[in-house]
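Enquirer: My questions will all concern the structure given below.
The values are calculated or read from the model by the stated rules, or taken from the named source; none is laboratory data. Since this is a predicted model, take the numbers as computed values, not measurements. Backbone-built Cβ (ideal geometry, glycine too); neighbour counts: all protein chains shown. Side chains included, ligands, DNA and RNA excluded: accessible areas come from the protein's heavy atoms. Shrake-Rupley method; radii C 1.70, N 1.55, O 1.52, S 1.80 Å.
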Amino acid sequence: MWILLAVISAICLGFYDVFKKLSVKDNNVLVVLLWSTLFNALFMSPELVRGILHGYWGFGNTLTGHLQILIKSAIVLGSWLLGYASIKHLPLTIQGPINATRPVLVLVGALIVFGERLNALQWAGVILGFISLFFISRIGAREGFSLKHSKWIWMAVGATCLGAVSALYDKYLLRSYRPLEVQAWYSLYQLLIMGLTITVIRRVQGNGTPFRWKWTIPCISLFLTVADIAYFYSLSFDDSMIAVVSMIRRGSVLVSFLFGVIVLREKNVKAKIVDLSILLLSLILLVAGSS
């Protein structure tokens, strides 16, 4: 069951990336992110209201639990700030694969922190994933985006690293707290932190790029909320493996890649189709090895 939930989360994450790309195009990234966090909090508000009406403020009404969720909110928001900036300037067929390297870091962390072990099929899937990402990175260099000269590449890498830290932290949190409880409160704290962040940045740097409302913005939050619900419930199963869940979720790159190639007409289509096939095979092996 936890594998199916991870697959559902991956599909929703793919559409989440697509709507992010459409929303930040020629738009103010910070304001788009602020609206996104607002809708996230609104979508999860029924969970908060239900608990508060019964005198329950989350996490056993303890300060420790809220501090732990506050840390998660800061980690995720940091990843989002870097990720939104990078996806605005990078093609989806480059930004997607960089984000898809997150399971590499999660795998190392899971082996060290949680003592997880992968079987032969799972390792084969991971290796094929690495091969696919290597070739995709070569294609990105041909299109003029390299680690040496592009700050947007480094922002994408930073977002990926923080995302990996968040994934490992989630596994720890969900051993003690309910998935919806975690998601609802961290959505609220993200909104508060983002509001403070944009206030400080605007006072220092001004308004920057003008903001234009787009109806794709609430779609960001909608697909992310569904993806996170499926993700958290996947991790709540005792036999779930964070390394495998994280790799399956990176299958979201298939959705964003297809959108980038078919709709946005990005370059090197044939080479990217080969890479997508390799990545799909790696995910199939991971699922087969976990069933």
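Enquirer: Looking only at residues that are among the basic types (K, R) and at pLDDT 80 or above in the range 199-236, which one is nearest to K21 (Cα to Cα)?
Expert: Among them, the one singled out is K214.
Enquirer: Take residues that are free of Cβ contacts under 8 Å to residues at least 12 places away in the same chain, surrounded by fewer than 21 Cβ atoms within 10 Å (Cβ to Cβ) and aliphatic (A, V, I, L, M) and tell me which of the helices (runs of 4 or more DSSP H) falling wholly in the range 145-241 contain 3 or more.
Expert: Result: 179-205.
Enquirer: Hey, another quick one. Can you tell me which condition L258 does not meet? The list is (1) open to solvent by less than 70 Å² (accessible area, probe 1.4 Å); (2) in a helix (DSSP H, G or I), and all the others hold.
Expert: L258 satisfies all of (1) open to solvent by less than 70 Å² (accessible area, probe 1.4 Å); (2) in a helix (DSSP H, G or I) except (1).
Enquirer: For L107, are the conditions met, namely being open to solvent by 10 Å² or more (accessible area, probe 1.4 Å), in contact with a Lys or Arg (Cβ under 9 Å, 6 or more places away or on another chain), modelled with pLDDT under 75 and under 17 Å from G289 (Cβ atoms)?
Expert: no
Enquirer: Okay, moving on. For the range 243-291, give me each residue that is touching a Lys or Arg at 6+ places or on another chain (Cβ under 9 Å) and within 18 Å of C12 (Cα to Cα).
Expert: Listed by number, the residues that qualify are V245, S246, M247, R249, R250, S256, F257, F259, G260, L279, L283.
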